[in-house]
Amino acid sequence: MNARKSLVFTFLAVCAALLAGAGWSADSQRGNWTVNRSDEAGKVEFSLVQTRLHGHSNYSSDWPASAFSGVDFSKPGRRDVKFTIARDAGRFECEGFLDNGEGAGIFHFFADAQYVHKMKALGFDGIDEEKQISMAIEDVSLKFAQDMKNEHLEGLDTDKLIAFRIFRVTPEFIEQLRSSGLNVTDSDKLVAFRIHGVSPEMVRTLKQEGYTPDEDTLIAMRIHGATPEWIAELKKAGYDHVDLEKLIAFRIHGVSPEFISKLHDLGYSHPEPDQLIAMRIHGVTPEYITGLKSRGMHNLTIDQLISLRIHGID
């Protein structure tokens, strides 16, 4: 264990002892915080561990250094620090130490008493103590809730607001998707878009190529790696504007530009997409074809090759 980790570990052990000995209830909104360096410029890795009677709740993410008012992470040496992180849902009062920009301490969360009522007035209910601290951590502000409500999304509730903040579903992201030609309204699909990497640029590129993908197709394309860049490689191999469902099947079963090129070298020029998929499903590989040719089986059609493979003729 290096010196920095040892220092943080020791301090957290002290914090845990203080928390355990303070007589705080199971519902107490208190715990530990740590700050470490981030790989992103201008950010730090901020972690919160909320101590409860039956375990811990953990959170960790990269935060802008500017979110910590009055804290200078560039200052060398060790020093005690106190800072407040204020959100609509409540505020985190933090104290502890920093040592060359990294450190640890304890926090106390003060929930905003009016937040739950204001959110309910906007149509978002079911906010208990645990959810309110999560909404403070993720900065689910009243403005963010109102902005999302203005997008007229299906399935939008309190949990979706938290998920939107976690996965960076913003009004700007929604508007960019709609401007690209996709009239998305499903909250779950928006979260899935962010998780799997469906972007406005992807939608725009596919539209320019003459495709009209729906939300499920876009998600499936990203899950299986049928990206616009990969589609462009297929186009160079002679497969222009293949049906999107078939492109997904290509990725699932391993139909690639390299596979197509090897078939071309063996005399099979531009098989139909369904034939390519069937060849991969049944194991009609270039090596299999070469093996048959070495035994004098020339000029077999693709359908014959598939039939031989199905019947176990090697």
List every residue pair whose Cβ atoms sit under 7 Å apart, with the two residues 6 or more apart in sequence or on different chains, where the first one lies in region 171-182 and is touching a residue at least 24 places away in the same chain (Cβ under 8 Å) and the second, anywhere, is among the acidic types (Asp, Glu) and surrounded by fewer than 18 Cβ atoms within 10 Å (Cβ to Cβ).
Pro171/Asp147; Pro171/Glu151
Return the residue satisfying two criteria in turn: it lies in region 132-166 and is acidic (Asp, Glu), closer than 22 Å to Trp63 by Cβ and out of contact with any strand residue (DSSP E or B) (no Cβ under 7 Å at 6 or more places or on another chain), and of such residues it is surrounded by the most Cβ atoms within 10 Å (Cβ to Cβ).
Glu138
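Does Ser74 satisfy the condition of being modelled with pLDDT of 90 or more, surrounded by 14 or more Cβ atoms within 10 Å (Cβ to Cβ) and hydroxyl-bearing (Ser, Thr, Tyr)?
When the stated conditions are applied, Ser74 does not pass them.
Going residue by residue through region 34-45, is there one that turns out to be at pLDDT 90 or above, of a type in the set (A, V, I, L, M, F, W, C) and either in the same structural domain as Asp128 (by TED's automatic domain parsing) or surrounded by fewer than 13 Cβ atoms within 10 Å (Cβ to Cβ) (or both)? Full working, then the answer.
Here is the first cut: in region 34-45, the ones at pLDDT 90 or above are 34-45.
When the remaining residues are screened for being of a type in the set (A, V, I, L, M, F, W, C), the result is 35, 41, 44.
Adding the requirement that they be either in the same structural domain as Asp128 (by TED's automatic domain parsing) or surrounded by fewer than 13 Cβ atoms within 10 Å (Cβ to Cβ) (or both) leaves 41.
Yes; the residues of region 34-45 include at least one that is at pLDDT 90 or above, of a type in the set (A, V, I, L, M, F, W, C) and either in the same structural domain as Asp128 (by TED's automatic domain parsing) or surrounded by fewer than 13 Cβ atoms within 10 Å (Cβ to Cβ) (or both).
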Within region 208-216, can one find any residue that is surrounded by fewer than 15 Cβ atoms within 10 Å (Cβ to Cβ), in contact with a Pro (Cβ under 9 Å, 6 or more places away or on another chain) and not assigned by TED's automatic domain parsing to the domain that holds Gly254?
yes
Region 84-105, residues that are within 28 Å of Thr158 (Cβ to Cβ) and crowded, with 17+ Cβ neighbours inside 10 Å:
Ile85, Arg87, Asp88, Ala89, Gly90, Arg91, Phe92, Cys94
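Assess whether Leu234 counts as being buried (at least 17 other Cβ atoms within 10 Å of the Cβ), farther than 21 Å from Lys149 by Cα and assigned by TED's automatic domain parsing to the domain that holds Ser261.
Considered against the rule, which asks whether it is buried (at least 17 other Cβ atoms within 10 Å of the Cβ), farther than 21 Å from Lys149 by Cα and assigned by TED's automatic domain parsing to the domain that holds Ser261, Leu234 comes out as yes.
The values are calculated or read from the model by the stated rules, or taken from the named source; none is laboratory data. Here the structure is a predicted model, which means the values were calculated and not measured. Quick reminder, even Gly has a Cβ in these numbers, built from the backbone with ideal geometry, and neighbours come from all protein chains shown.
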